[in-house]
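The next block holds one structure in the form of structure tokens; read it before the comments.
The values are calculated or read from the model by the stated rules, or taken from the named source; none is laboratory data. Because the structure is a prediction, the values reported are computed rather than measured. Cβ placement follows ideal geometry from the backbone for every residue including glycine, while neighbour counts extend to all protein chains displayed. Protein only, heavy atoms only, side chains kept; ligands, DNA and RNA dropped before computing areas. Shrake-Rupley method; radii C 1.70, N 1.55, O 1.52, S 1.80 Å.
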2 protein chains.
Amino acid sequence: MSHHYSYSGDRFTVVYDITGNEAVAQTKAEGICIEQTIEFPADLVTSEEIKRHVIGQLKNLQKINEDLYQAEISFAVEVTGFEIIQLLNVLFGNTSIQTGIKVVSVNLPESLLKAFRGPRFGREGLRKLLNVSDRPLLCSALKPMGLSTEELANIVYDYALGGIDIIKDDHGFANQSFSPFEERVAKCSEAVFKANQITGKKSIYLPNIPGPTMDIFEKAEYAKQNGAGGLLVSPGLLGFDVLRALADNDDLRFPIMSHPAMLGSFTSSKNHGFSHYFLYGTLPRLAGADMVVFPVFGGRFSFSVDECQEIINGCSDDLGQLSPVLPVPAGGMRVDRVPEMIDFFGNDMVLLIGGNLQRGGTLVENCKRFLDLVRENSR
Amino acid sequence: MSHHYSYSGDRFTVVYDITGNEAVAQTKAEGICIEQTIEFPADLVTSEEIKRHVIGQLKNLQKINEDLYQAEISFAVEVTGFEIIQLLNVLFGNTSIQTGIKVVSVNLPESLLKAFRGPRFGREGLRKLLNVSDRPLLCSALKPMGLSTEELANIVYDYALGGIDIIKDDHGFANQSFSPFEERVAKCSEAVFKANQITGKKSIYLPNIPGPTMDIFEKAEYAKQNGAGGLLVSPGLLGFDVLRALADNDDLRFPIMSHPAMLGSFTSSKNHGFSHYFLYGTLPRLAGADMVVFPVFGGRFSFSVDECQEIINGCSDDLGQLSPVLPVPAGGMRVDRVPEMIDFFGNDMVLLIGGNLQRGGTLVENCKRFLDLVRENSR
């Protein structure tokens, strides 16, 4: 049978770390070319176009050490259908079930990159929106789960009064009956509005988008109409295309903060999954996040200094027309770590402190101390 | 501040495997209680209700060996908001970013279970739908990616003529321009219809649901109107709540086959992620899958015999009102393995053979041989 589809010839490249000796690495790399595309015995393929274009191509296999090789594999842009879900599927769908293979980075040609709007605000857009040019942005999370909406709104008010730029729901705030989404969004947005009138600042409140997935636009529109200033989204729970849909929506025009819930298994192994660079840099930028939360070194979680540096690079390296975005190191951050954090991340970051702001003194005082410390240490 | 929300007292239990000595396991288990709920310093919580109800409770910590403990932790049903995304978040959201913690199983009370419709067809419903009572169901996948719609429809026709009960898209069939979703669904459904008229059977075609996520209902309705018989869904790419939304939709009433793409990282480590029992049994059943695809032992992938047995149990163990579902061992399955497969899995399974059916002979003959072999070996 003949086959008349015409391929552009444009290909994108994926760099994989492959654990094993040279023979193993070669076999695994050739396996990826098949597994991630035709998933079919290569010797049964009769179409020349499929052989030439659809099957992945191993461009290079480089030895890193005795037990680690780096493969560069290219795929036709057409196999992605120019959408993020199928792009992810080609990168790592079936391969995720195999061992000793890790996606390090991708190199996407313009024809594929332009399928993604990317961050609507990005690093510079956020600074403009919040009117903060010369220091890291300040963020805090509404905690703890189980408080009533009224209690939460009081905390939001104090955060905003104390100078926090971005106040987000804890990522576990869904639609629980002790503080339903609509009620919380309306009251917390109102609290920020009132505080802004006093401070003259532009603080914003970011509710967490809960399920069900198919109601996200309804929920987000409610948030917009009731004064919310952006959204918190967990792509590990909702899917990266849901983040993209919210970021891309021209009626919403919301800045989006991405949360790492349920993403941990993709970076839990040194030789499997995604690099921190890709998972917390490239991928959320493709999906349109403006800010990317991840657990910082020395906190409750376990990302290393090197992994955090990878994330900084992933958030800011050149990615075609897609803006750089702001890293949001978090996970047990404390006010006393502000100088250390700015020293490492620089000004282009969001400093997220949660529970620690509620320790000792009043909330407003603690926020002011946080802001003062950030101002003193900014570069 | 007072807090007047009234909790039911109903709690669900999660069993976690925790790697480490007793002191480490105790600390990690207590960490889960906090991390997965209030994510806030416990000593700062003033509300008695939050302490009594919202924070997770460590019910038991049992030694398995020197370096492995099993913790049983209970959570109030209310923290889930009675939806699958937040349930998953409570089970493993932030914990996914920590090391040495694995979700083994869950025990959900009726008040939480009844929030889930579960499989619409399940094991018995599928047998009734396809009119097959006394043998495993036969399935094949449309391959390879890159064929035109016409070529694919010809393959579908031969599969159905040869006696395959369920013909599914390869999971990488999205909306690529070499075979757009709508065109493929219409032509392939038509091919099955024609073959059914000849065979008198009830074979069905299951297109893969591609992104964008927010268009799934539109896509699925198109599939329904054009004669598709069910859907293939990859919850690792689209999210488990998207699978649930498709399964629950009363206008569609589609049987759903779940595909493991991108789920591999959750089971790639012995001491991290989800058990096979939970990820390929309990969870897809909660979300409403009727059939669960996973890579079988001895194929191209790496699940072990024990892990496959776990999946059989997860698909059939008691789960309140939720039906048992059919395991779909796959991943390089061959016709010559049919006796071995039936010996291990029994009759209550879907035998999925892809590329191997296209090797040697004609497609129709190979399918008939497959069906004959299944009939001969059924119990």
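Nearest-5 percent of antiparallel DSSP beta bridges in chain B? List each step's numbers first, then the result.
Working: 22 of 46 bridges.
The antiparallel fraction comes to roughly 50 percent.
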* Structure fact -> For A:F294, other-chain or 5+-apart residues with amide H closer than 5 Å (H placed, Pro excluded) are A:V328, A:A330
* Structure fact -> With +1 on the Cβ of every Lys and Arg and -1 on the Cβ of every Asp and Glu, the dipole magnitude of the range A:232-334 about its Cα centre, in debye rounded to the nearest 20, is 380 debye
* Which whole number of Å³ per residue matches the convex hull of the alpha-carbon atoms in the range B:140-221? -> 78 Å³
* **Charge dipole of the range A:125-241 about the Cα centre (unit charges at C-beta), most positive-ward option of A:P144, A:Y222, A:Q197** => A:Q197
* Extension gain, B:D306 back to B:Q321 (0.36 nm per residue minus Cα-Cα distance, nm) -> 2.7 nm
* Structure fact -> Rounded to the nearest 10, the angle in degrees between the Cα long axis of helix A:363-377 and the longest principal axis of the Cα atoms of chain A comes to 60 degrees
* Asked: Around A:I166, which amide H atoms from residues at least 5 apart in sequence, or from another chain, sit under 5 Å from its own amide H, with H modelled in the peptide plane?
  -> A:L138, A:C139, A:S140, A:I204
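Provide the FRET efficiency to the nearest 0.05 for the B:N131-A:Q57 pair, computing r from the beta carbons and using R0 = 45 Å. Each step should come with its number before you reach the end.
On the way: r = 45 Å, r/R0 = 1.00.
Efficiency computed from Cβ-Cβ geometry: 0.50.
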* Asked: Where q = 0.12, 0.24 Å⁻¹, what log10 of I(q)/I(0) comes from the Debye formula for the range A:33-105, counting one point per Cα?
  -> -0.36, -1.22
* Residue by residue, what Karplus-based ³J(HN,Hα) values in Hz, rounded to whole numbers, does the range A:322-334 have, using 6.51, -1.76 and 1.60 with θ = phi - 60° and x for Gly and Pro? -> 7, 4, x, 10, 9, x, 10, x, 7, x, x, 6, 10
* Asked: Taking a temperature of 20 °C and a viscosity of 1.002 mPa s, what whole-number D in µm²/s does Stokes-Einstein yield for chain A with Rh from Kirkwood over alpha carbon pairs?
  -> 98 µm²/s
* Structure fact -> Rounded to the nearest 10, the angle in degrees between the Cα long axis of helix B:181-199 and the longest principal axis of the Cα atoms of chain B comes to 60 degrees
* With a 1.4 Å probe and every protein chain left in place, work out the accessible area per residue of the range A:152-280 in Å², rounded to a whole number. => 28 Å²
* Residues with amide H under 5 Å of B:S105's amide H, sequence separation 5 or more or different chain, H placed in the peptide plane at 1.01 Å from N; which? -> B:V15
* Phi to ³J(HN,Hα) by Karplus 6.51 cos²θ - 1.76 cosθ + 1.60 over the range B:92-107, Hz, x for Gly, Pro -> 7, x, 6, 4, 4, 8, 9, 9, x, 10, 9, 7, 8, 6, 10, 10
* So for the protein assembly as shown, taking the charge dipole from beta-carbon charges (+1 Lys/Arg, -1 Asp/Glu), which of A:L279, B:L351, A:H171 sits furthest toward the positive end? -> A:H171
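Return the equivalent ellipsoid semi-axes of the range B:165-289 as a descending list in whole Å, where each equals the square root of 5 times an eigenvalue of the C-alpha gyration tensor. Mind showing how you got there, number by number?
Numbers: eigenvalues 148, 48, 38 Å².
Here the semi-axes work out to 27, 15, 14 Å.
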* Asked: After finding the eigenvalues of the alpha carbon gyration tensor for the protein assembly as shown, what semi-axes result from the square roots of 5 times each, listed largest first in whole Å?
  -> 44, 28, 24
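With +1 on each Lys and Arg Cβ and -1 on each Asp and Glu Cβ, how big is the dipole of the protein assembly as shown about its Cα centre, in debye rounded to the nearest 20? Numbers along the way, then the final one.
Values: 70 positive and 92 negative charges, 74 e Å.
Charge dipole of the protein assembly as shown: 360 debye, to the nearest 20.
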* Asked: Which value in nm describes the separation of the simple spin-label points at A:A23 and A:Q197, placed 7 Å from the Cα toward the beta carbon?
  -> 7.7 nm
* Structure fact -> Ranking B:A71, B:A186, B:N107 by how far each Cα lies towards the positive end of the charge dipole of the range B:59-212 (+1 on Lys and Arg Cβ, -1 on Asp and Glu Cβ), the top one is B:N107
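Restricting to the protein assembly as shown, what percent of DSSP beta bridges are antiparallel, rounded to 5? Don't jump to the answer; show the numbers that get you there.
On the way: 44 of 92 bridges.
Antiparallel bridges make up about 50 percent of those DSSP assigns within the protein assembly as shown.
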* To do: Please report, to two decimal places, log10 I(q)/I(0) for the range B:69-166 at q = 0.21, 0.24 Å⁻¹ as given by the Debye formula with identical point scatterers on the Cα atoms and no solvent.
  => -1.02, -1.23
* Apply the Karplus parameterisation 6.51 cos²θ - 1.76 cosθ + 1.60, with θ equal to phi minus 60°, to every residue of the range A:231-243 and state each ³J(HN,Hα) to the nearest whole Hz, in sequence, with x for glycine and proline. => 9, 9, 10, 9, x, x, 9, 9, x, 5, 6, 6, 4
* **Virtual spin-label span in nm between A:Q225 and B:E340, 7 Å along Cα→Cβ** => 6.0 nm
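Protein chains only, probe 1.4 Å: how do B:S265, B:S378 rank by accessible area, largest first? Before the final figure, lay out the partial values.
On the way: B:S265 0, B:S378 30 Å².
Result, largest first: B:S378, B:S265.
Using a probe of 1.4 angstrom, how much of the accessible area of the range A:19-114 is carbon and sulfur, in percent?
On the way: 1740 of 3690 Å².
Answer for the range A:19-114 is 47 percent, counting heavy atoms of protein chains only.
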* Considering protein heavy atoms only and a 1.4 Å probe radius, which residues within the range B:49-90 exhibit an accessible-area decrease of no less than 10 Å² in the full assembly relative to the chain by itself? -> B:I50, B:V54, B:E78, B:V79, B:G81, B:E83, B:I85, B:Q86, B:L88, B:N89
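Just the number: Rg to Rh for the range A:1-151, Cα atoms, Kirkwood Rh, two decimals. Mind showing how you got there, number by number?
Values: Rg = 21.3 Å, Rh = 18.5 Å.
Here the Rg-to-Rh quotient is 1.15.
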* Asked: Using a 1.4 angstrom probe and counting only protein chains, how large is the accessible area of A:T99 in Å², to 10?
  -> 70 Å²
* With a cut-off of 15 Å, note down the residues of the range A:88-108 whose backbone N falls inside the zone around a label point 7 Å from the Cα of A:K270 toward its beta carbon. => A:100-102
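Would you mind working out the magnitude of the charge dipole of the range B:61-119 relative to its Cα centre, with +1 at each Lys and Arg C-beta and -1 at each Asp and Glu C-beta, to the nearest 20 Debye? Before the final figure, lay out the partial values.
Values: 4 positive and 6 negative charges, 33 e Å.
Roughly 160 debye, rounded to the nearest 20.
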* To do: State, in angstrom, two size descriptors of the range A:1-58 derived from its alpha carbons: Rg to one decimal place and Dmax to the nearest whole number.
  => 13.1, 40
* Asked: Which percent of the accessible area of the range A:130-213 is formed by carbon and sulfur heavy atoms (probe 1.4 angstrom)?
  -> 49 percent
* **Helix axis angle, B:149-162 relative to chain B longest principal axis, alpha carbon, degrees** => 90 degrees
* To do: Place a label point 7 angstrom from the Cα of B:S378 along the Cα-to-Cβ direction, then list the residues of the range B:99-131 whose backbone nitrogen is under 19 Å away.
  => B:122-131
* Complex-versus-alone comparison for the range B:113-147, residues with a loss of 40 Å² or more in accessible area, probe 1.4 Å -> B:K143, B:P144, B:M145, B:G146
* Asked: So what is the calculated 222 nm ellipticity per residue for chain B, using -39500 (n - 2.57) for each DSSP H run with n of 4 or more, over all residues, to the nearest 500 deg cm²/dmol?
  -> -10500 deg cm²/dmol
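Express the Stokes-Einstein translational diffusion coefficient of the range A:230-379 in µm² s⁻¹, to the nearest whole number, given a Kirkwood radius over alpha-carbon pairs, 20 °C and a viscosity of 1.002 mPa s. List each step's numbers first, then the result.
On the way: Rh = 16.1 Å.
Reported coefficient: 134 µm²/s.
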* Structure fact -> When B and A pair up, the total accessible heavy-atom area removed from solvent (1.4 Å probe), in Å² to nearest 100, is 6900 Å²
